[in-house]
């Protein structure tokens, strides 16, 4: 079963951490990426800050084009910052891997994926 | 653990101080109350864990702490007599985003108080809104902490003696405030990016904090093209920070920079913001400048730079901001398009306006060197040295003088 490990937090808090603490967080991500790489395909994404987002609202009726609105979703307290997705044996295994990137500044959600497709990487 | 909490406090500070300043109408009291709430949070969150909404928690705790202070202190009488009406209540649970938006804008605007000179406006914003220590700000401006302390105290007194309106701004006022505040952030970054004079070229703290403020504005006003473009512009310049100074501390011009040292993630974010801003409008001063910076950032090499696009955008910028400095930059682009002789002639028109602007003489020297007029080039570079360049600039200009002298020696 594919599980997505999604990351929520307040944008800006990571940037406000001292360098060593940022490195701690990033080393967790490095470890998780290496571990996932060793066991097969995975995707990981860090989203840009929500302020760079544009919203596409559903069209009011079938003939209209969807409405594009500038700006992200209104002030949600926690923002969706990024995610990992990989094929895990079961929920327990997915949770084991999620622990590698646990930190006080982010909340993680581990959720089964119903369907998936495509392959993408920027490096 | 406390590093994580410090980071959270730093992130909440602008909005918290802004809301508390509205409630108490006193910046010092707002700062004290927030500091107390943070101390309480260290204890409570340490044992119970952080609340789901740290801002609401901090605001409620700080408001109570501040009221407590007022009850005990003699300042109460003074503050109460200044504002006879009751204190405005804070939202009990979730703060209203619209209200917070106006609070932060109001606080930023208070820091841009017209009675203060630009440097003091910036210093107060760094101290009050971002919570930088006096020592950090002093090192940012290369002055002694004691001097900075006195300046900030004096500036805050001036603000207290000439209060700006605390009412919610009208849409027109909001527009005026936004552009005033944006300009302050832009100048803060400039001061960090190209120090007016002194031993170092860049004061990265100032640049980074200006970016933080620009980010805050974008978060508050996500649909304003100019504010997105301002953040994009700052990120695009900041991306080049590692390539601007070489190993010997010399300034490296754009043409000679190692582009692999440019920060790609800054550039990527800036491009996304700029594309978004361009959907909204095309003619703002920050949008045009960010478009120019983006043209540099997306050129793989100096030769591949789209100088025609850059020149036309400087022309558009000149229409909005007809200043000699904008014109100088336009001529720099024209030099690439039409050659150095064309540019040297064009510079004639600026001789009077920019006689004390060191970049004018540096550019003119470079162009004269290109056409082989080394005597005139040396004279231009020597003028730069009399106009208090920073140490890295001095080193780069001295090198250029040596090159021209060497050329003359061979004749």
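Please report, to one decimal in angstroms, the Kirkwood hydrodynamic radius of chain A built from all distinct Cα-Cα pairs. Show your work: numbers first, answer last.
Working: mean 1/r = 0.0611 Å⁻¹.
By the Kirkwood definition, the hydrodynamic radius is 16.4 Å.
Kirkwood Rh and Cα-based Rg: tell me the resulting Rg over Rh for segment B:234-380, rounded to two decimals.
So for segment B:234-380, dividing Rg by the Kirkwood Rh gives 0.98.
Taking other Cβ within 10 Å of each residue's Cβ, how do A:52, B:228 sort, fewest first?
Going from sparsest to densest Cβ surroundings: A:52, B:228.
Find the centroid of the Cα atoms in segment B:354-411 and in segment B:128-165, then give the distance between the two in whole Å.
38
Return the inverse of the average 1/r over all pairs of distinct C-alpha atoms in chain B, which is the Kirkwood hydrodynamic radius, in Å to one decimal.
23.6
So for each of B:156-164, B:397-405 I average, over its residues, the number of other beta carbons within 10 Å; can you give me the resulting order with the highest mean first?
In decreasing order of mean packing, B:156-164, B:397-405 become B:397-405, B:156-164.
Contact order normalised by length for segment B:283-381, with contacts defined as Cα pairs under 8 Å and 6 or more residues apart; what percent is it?
Working: 93 pairs, mean separation 18.6, N = 99.
Averaging sequence separation for qualifying contacts and normalising by length gives 19 percent for segment B:283-381.
Show that you can apply the helix-only estimate: for the protein assembly as shown, add -39,500 (n - 2.57) for every DSSP H stretch of four or more residues, divide by all residues, and state [θ] at 222 nm to the nearest 500.
Rounded to the nearest 500, it is -19500 deg cm²/dmol.
I'd like the distance between the alpha-carbon centres of segment B:13-64 and segment A:1-65, rounded to an integer number of Å.
Spelled out, the Cα-based centre of one part sits 29 Å from the other.
Using Cα-Cα distances under 8 Å and only pairs 6 or more residues apart, what relative contact order does chain B have, in percent?
11
What average number of partner chain Cβ atoms lie no more than 10 Å from the Cβ of the residues making up B:8-21? Before the final figure, lay out each step's value.
Details: counts 7, 2, 5, 8, 3, 1, 0, 0, 0, 0, 0, 0, 0, 0.
Mean shielding by partner chains, rounded to a whole number: 2.
In degrees from 0 to 90, rounded to the nearest 10, what is the angle of the helix B:97-111 Cα long axis to the longest principal axis of chain B?
Approximately 60 degrees, to the nearest ten.
If you average the sequence gap of Cα pairs under 8 Å that are 6 or more apart and divide by the length of segment B:328-411, what percent do you get for the contact order?
24
Of the listed peptides B:139-148, B:250-259, what is their order by residue-averaged count of other C-beta atoms within 10 Å, with the highest listed first?
On the way: B:139-148: 16.1, B:250-259: 14.5.
My ranking of the peptides, most packed first, is B:139-148, B:250-259.
Which distance in Å, rounded to a whole number, links the C-alpha centroids of segment A:80-102 and segment B:224-281?
34
If each Cα of segment B:328-411 is one equal point scatterer, what is log10 of I(q)/I(0) from the Debye formula at q = 0.15, 0.23 Å⁻¹?
Log10 of I(q)/I(0), two decimals: -0.51, -1.11.
Once both axes come from the Cα atoms, what is the angle between helix B:358-370 and the longest principal axis of chain B, in degrees from 0 to 90, rounded to 10?
30
Measure nothing but the geometry: give the 0 to 90° angle between the long axis through the Cα atoms of B:27-48 and the longest principal axis through the Cα atoms of chain B, rounded to 10°.
Roughly 70 degrees, rounded to the nearest 10.
What is the protein assembly as shown by shape, rounded, prolate or oblate, if you read a ≥ b ≥ c off the alpha carbon gyration tensor as root eigenvalues and call it rounded for a/c under 1.5, prolate for a/b larger than b/c, and oblate otherwise? Write down the numbers at each step before the final one.
Working: a/c = 1.85, a/b = 1.28, b/c = 1.45.
Since a/c reaches 1.5 but b/c is at least a/b, the shape of the protein assembly as shown is classed as oblate.
Quick note: the coordinates plus some simple rules give every number you see, no bench work behind them. Keep in mind that what you see is a predicted model, and the values were worked out from it rather than measured. For neighbour counting, all protein chains shown are included, and Cβ atoms are generated from backbone atoms with ideal geometry for every residue, glycine included.
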